[in-house]
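Just below is one structure, and these are the notes that go with it.
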Amino acid sequence: MSVPQHVAIIMDGNGRWAERRGQTRTSGHRRGVEAVRTAVESAGELGVKYLTLFAFSSENWRRPEQEVNDLMGLLKFFVRRDLAELHQENIKIRVIGDKTSLKPDILALLTEAEELTKSNTAMQLIIAFNYGGRDEIARAARRLAARVSRGDLNADDIREEDIGASLDTAGIPDPDLIIRTSGEQRISNFLLWQAAYAEFVFLPCLWPDFDRKSFEEALDIYQCRNRRFGRTTSQDLALGT
């Protein structure tokens, strides 16, 4: 089986999972944290080299203050509980998103996770936190504009590669597969540039119910896709792909 090198997941459905059980949204988020552990373990066992999780979007700040505070608390809980184990398993953690507006304690926690694991090589776990695809592209444009202003780059010479190298994901291959749980079928401002040729799989299960079987189901669907990257089927046959 050809396993995608990079899988990205939009983890959706915590609140609905809790509401269907008459529980608080926070309890759904707690169960979602356990699904994160399952996803990371499954990815490593299945041979995925890069796993990106959409943990907290730049739009999520609009949620009720108590829910946001609960989510921040769960982030701290996850990192403090699992960081040592992730490091022991040789997993490298990388955080993408706008870090400039984060509270000092959150920023310190994320920085610690990145620093501790920066030399690990088994798999990269990319956490999209305070992340929005449009914001990422805007920040990349500002970086390029600054280079042009300094005289380091000619505006007419800017290429796709320059934009990619200015994104938060610089050095990370584009996702081969993007999974979204909960049955919703939209991208929600996630990896807009990087998803140009990704395959999408929309699973009906809510995120707290995501397990190894769900991961394998998504990979099975991915195996059935014909990824041509702009080529024709006849070109694929000629190339032996």
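The values are calculated or read from the model by the stated rules, or taken from the named source; none is laboratory data. All values reported here derive from a predicted model rather than from experimental measurement. We place every Cβ from the backbone using ideal geometry, glycine too, and count neighbours over all the protein chains shown.
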(request) Sort out which residues of segment 91-104 are in contact (Cβ under 8 Å) with a residue 12 or more places away in the chain, out of contact with any Leu (no Cβ under 6 Å at 6 or more places or on another chain) and of a type outside the set (D, E, K, R), and write them in order of number. (result) 96, 97, 101, 102
(request) Output the residue which, of all residues in segment 22-77 that are acidic (Asp, Glu) and within 18 Å of residue 120 (Cβ to Cβ), is surrounded by the most Cβ atoms within 10 Å (Cβ to Cβ). (result) 41
(message) I want to confirm something. Restricting to segment 210-220 and keeping residues that are crowded, with 17+ Cβ neighbours inside 10 Å and closer than 20 Å to residue 31 by Cα, which single residue is farthest from the chain's Cα centre (by Cα)?
(response) 214
(message) Within segment 115-128, does at least one residue satisfy the condition of being of a type in the set (A, V, I, L, M) and not in a strand (DSSP E or B)?
(response) yes
(request) State all residues of segment 132-181 that are of a type outside the set (A, V, I, L, M), in a loop (DSSP other than H, G, I, E, B) and in contact (Cβ under 8 Å) with a residue 60 or more places away in the chain; if no residue qualifies, say none. (result) 132, 168, 169, 173, 174, 175, 176, 181
(request) Please go through segment 48-69 and pick out each residue that is out of contact with any strand residue (DSSP E or B) (no Cβ under 7 Å at 6 or more places or on another chain) and either assigned to a loop (DSSP other than H, G, I, E, B) or closer than 19 Å to residue 99 by Cα (or both). (result) 59, 60, 61, 62, 63, 64, 68, 69
(request) Return yes or no: is residue 36 among the β-branched types (Val, Ile, Thr), touching a helix residue (DSSP H, G or I) at 6+ places or on another chain (Cβ under 8 Å), part of a helix (DSSP H, G or I) and in contact (Cβ under 8 Å) with a residue 24 or more places away in the chain? (result) yes
(request) Taking the options 114, 136, 67, 89, name whichever one is farther than 27 Å from residue 166 by Cβ and modelled with pLDDT of 95 or more. (result) 89
(request) Return the pairs, sorted by first residue and then second, in which the second residue is modelled with pLDDT of 95 or more and surrounded by fewer than 17 Cβ atoms within 10 Å (Cβ to Cβ), the first residue lies in segment 78-90 and is more than 14 Å from residue 36 (Cα to Cα), the beta carbons are less than 7 Å apart, and the residues are 6+ apart or on different chains. (result) 87/116; 89/122; 90/121; 90/122
(request) Given the conditions (1) surrounded by fewer than 13 Cβ atoms within 10 Å (Cβ to Cβ); (2) of a type outside the set (Lys, Arg); (3) in contact with a strand residue (DSSP E or B) (Cβ under 7 Å, 6 or more places away or on another chain), report the number of the one that residue 124 does not fulfil. (result) (1)
(request) Would you check which residues across segment 97-114 are in a helix (DSSP H, G or I) and among the aliphatic types (A, V, I, L, M) and list them? (result) 106, 107, 108, 109, 110, 113
